[in-house]
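The values are calculated or read from the model by the stated rules, or taken from the named source; none is laboratory data. Remember, predicted model here, so these are calculated numbers, not experimental data. All Cβ positions, glycine included, derive from the backbone under ideal geometry; neighbour counts span all protein chains shown.
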Amino acid sequence: HLMTHAFFKALLFLGAGSVIHAMSDEQDMRRMGGIWRLIPVTYILMWVGSLALAGIPFFAGYYSKDMILESDFAVHTRAGLFAFEMGVAAAFLTAFYSWRLLLMTFHGAPRADHDTMHHVHESPRIMLIPLYVLGFGAVFAGAIFFPLFVGEYHVNFWGASILTRGEDVLEAAHHVPHWVPLLPLVLAVSGIGLGYLCYLWKTDLPGVFVRMFRPVYKLFYNKWYFDEL
């Protein structure tokens with residue numbers, strides 16, 4: 001997962017840089033919106049990175065994230081079950097915040113000033129070529145390396161370096177119940193749907209949640225007050 005994650009997370013970071021460049025160095029999503037037609041290449045590649053990060057079939061993150069969750073479930077321990085539960089919860093939240101990013105940045109009415117919007121432009125080729133390379137990995141790295149890392153050739157590849165007490169967790173992960181790999185996918189799609197609901201269709205909902213849970217919102221908005229400490 002570290003290997004596949006490197007592709008799509010780097011793609012999202014560099015894609016964010018491309019957006020910032022296009023927006024005259026603006027970095028606040030609350031002052032963006034309505035730019036997807038103006039920077040379509042960056043937009044598509046950010047979609048690719050987000051789909052991979054959310055673990056949507058058959059992007060790179062789908063193969064590696066699912067194998068982690070299936071391995072957690074397959075060990076049949078309390079710690080493994082806890083890791084599985086936290087992992088599927090993270091699958092939901094990851095998909096939600098990824099689509100919050102996409103929708104606030106690229107969709108809706110423009111929230112930047114007129115001068116900034118007038119100068120929005122696609123990034124030059126020297127910035128886009130690395131995104132193409134990372135985009136390729138975000139789509140295909142999981143399928144390409146799956147047999148070697150966790151598939152039929154994993155025994156020869158890893159040897160005994162990741163096995164303990166004679167147990168082959170990767171082998172057991174291939175035989176979990178059908179609902180185990182299905183659950184994170186359902187939650188990821190639900191997170192995407194909630195993102196659309198809150199940031200495209202019913203844009204007043206985030207404000208409603210803020211008013212309902214203001215102490216929690218203030219804690220998170222102020223980054224748990226670590227900066228003050």
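General remarks:
- Residues in the range 110-128 that are surrounded by 11 or more Cβ atoms within 10 Å (Cβ to Cβ), of a type in the set (A, V, I, L, M, F, W, C) and part of a helix (DSSP H, G or I): MET117, MET127, LEU128.
- Restricting the range 70-79 to residues that are over 23 Å from LEU53 (Cβ atoms) and crowded, with 16+ Cβ neighbours inside 10 Å, the residue that is nearest to the chain's Cα centre (by Cα): ALA74
- Filter result (modelled with pLDDT of 95 or more and not in a helix (DSSP H, G or I)) within the range 77-91: none
- Selection status of VAL210, out of contact with any helix residue (DSSP H, G or I) (no Cβ under 8 Å at 6 or more places or on another chain) and either on the phi < 0 side of the Ramachandran plot or modelled with pLDDT of 95 or more (or both): no
- Among (1) of a type outside the set (Ser, Thr, Tyr); (2) surrounded by fewer than 14 Cβ atoms within 10 Å (Cβ to Cβ); (3) in a helix (DSSP H, G or I) - the single one LEU134 does not satisfy: (2)
- Yes/no for HIS154 being free of Cβ contacts under 8 Å to residues at least 60 places away in the same chain and surrounded by 14 or more Cβ atoms within 10 Å (Cβ to Cβ): yes
- Filtered residue count, the range 185-218, keeping only those that are under 20 Å from PRO110 (Cβ atoms), assigned to a helix (DSSP H, G or I) and β-branched (Val, Ile, Thr): 0
- Some residue of the range 156-175 being within 24 Å of ILE35 (Cβ to Cβ), polar (S, T, N, Q) and outside any helix (DSSP H, G or I): no
- Checking ALA52 against (1) more than 13 Å from the chain's Cα centre (by Cα); (2) touching a residue at least 40 places away in the same chain (Cβ under 8 Å); (3) over 14 Å from LEU101 (Cα atoms), the condition it does not meet: (1)
- Selected residue (criterion: nearest to ALA89 (Cα to Cα)) from residues of the range 55-69 that are buried (at least 23 other Cβ atoms within 10 Å of the Cβ) and under 10 Å from the mean Cα position of the chain (by Cα): GLY55
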